[in-house]
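Below is one structure, written out as structure tokens; the observations come after it.
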Amino acid sequence: MMRTCRDTGDVLKIPTLPSLRRPTSAFFRQLGGTRGYPRFIKTPLRVFSVSRCAITTVAALAVACSGGGGADAPTGPTQPASISTVLVSGRSTLEVGATTQMVVVVRDASGTTLSGRVVSWSSSTPGVATVSDGGLVTALTPGSVTITASAEGKSGNISVSISNVPVATVALTPASGSLYVGESAAFVVTLKDVSGNVLTGRQVNWNSSNPNVASVTTNGLLNALAAGTSTISVSSEGRSAVVVLTVLTRPAEAAPVATITLSPSVGLFLLASPRGSW
């Protein structure tokens, strides 16, 4: 016999029970009465004339709809799945001053992504790059750093390489010049990035196209050696600037008069005489 539970919609298979057409003496003894029926039961036949199907259906539905006693009954709160792997992803290269947000994914042994877990972040070299509690990395100085995310005893990491902001332009001041032989001078070099920010602490290389005319030191000091021209160049990280230097010879100066010699062949004398003596 089949019945459907109104609350759950489950279809029940109902067993057939023996007939309960009349009560027995034992039943009335449990009620404190006799076979002559208790006083509060006025129509015993109507009370106990219930079909086997109705009694069985009520009992089965009461058990099925209540969900009690079955194999699928809840046994208690579900325990959260354990973390098996922690994966960290994000940019692996940064320039000094830049920031990037790292992303962490936590999974269980079956590969299911877990949410709501507490993750802590750390940097292997805080002097190179720092990381916030939320996984935001800030690049400070050139170098390499490992960013690690940990959760419930499991961890994952990513290596990040930090580099300087590249040089975009190189400028020399003054843009041209001339020196006399024997003079020295220093040019000023200015390095800037693509945004026009002045860069410092970069390696700079100097060169003279004609070192016999003018030489240049590693600090940019020029020495004029002989008359002529030389192209002075400076470069940094693939960018360069040049200046054409002209070396001049000082003009000759007139020699100073040391002595004066007089040797006249005829002398001229003027004699004074008293007035009126001529």
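Pull up the stretch 108-126, narrow it to residues that are farther than 21 Å from SER159 by Cβ and surrounded by 10 or more Cβ atoms within 10 Å (Cβ to Cβ), then point me to the one that is farthest from the chain's Cα centre (by Cα). Looking at residues that are farther than 21 Å from SER159 by Cβ and surrounded by 10 or more Cβ atoms within 10 Å (Cβ to Cβ), I get ALA109.
Checked against (1) under 28 Å from ALA252 (Cβ atoms); (2) open to solvent by 80 Å² or more (accessible area, probe 1.4 Å), ASN219 passes all but a single condition, namely (1). Among the residues making up the stretch 127-172, those that are within 14 Å of the chain's Cα centre (by Cα) and either without any contact (Cβ under 8 Å) to a residue 12 or more places away in the chain or within 30 Å of VAL188 (Cβ to Cβ) (or both) are THR130, SER132, ALA139, LEU140, THR141, ILE162, SER163.
How many of the residues in the stretch 226-251 are farther than 15 Å from THR173 by Cα and either within 47 Å of the chain's Cα centre (by Cα) or crowded, with 18+ Cβ neighbours inside 10 Å (or both)? Total satisfying the criteria: 6. Contact map, the stretch 97-112: first residue part of a strand (DSSP E or B), second residue open to solvent by 70 Å² or more (accessible area, probe 1.4 Å) and among the polar types (S, T, N, Q), Cβ cut-off under 8 Å, separation 6 or more or different chains; pairs are VAL105/THR113; VAL106/THR113; VAL106/SER115; ARG107/THR113. Scanning the stretch 191-202 for any residue that is within 26 Å of THR93 (Cβ to Cβ), surrounded by 13 or more Cβ atoms within 10 Å (Cβ to Cβ) and among the basic types (Lys, Arg) turns up at least one such residue.
The values are calculated or read from the model by the stated rules, or taken from the named source; none is laboratory data. This structure is a prediction, so every number in the text was calculated from the model and none was measured. Cβ atoms come from the backbone with ideal geometry, glycine included; neighbour counts cover every protein chain shown. These accessible areas exclude ligands, DNA and RNA; they are computed on the full protein's heavy atoms, side chains included. Shrake-Rupley method; radii C 1.70, N 1.55, O 1.52, S 1.80 Å.
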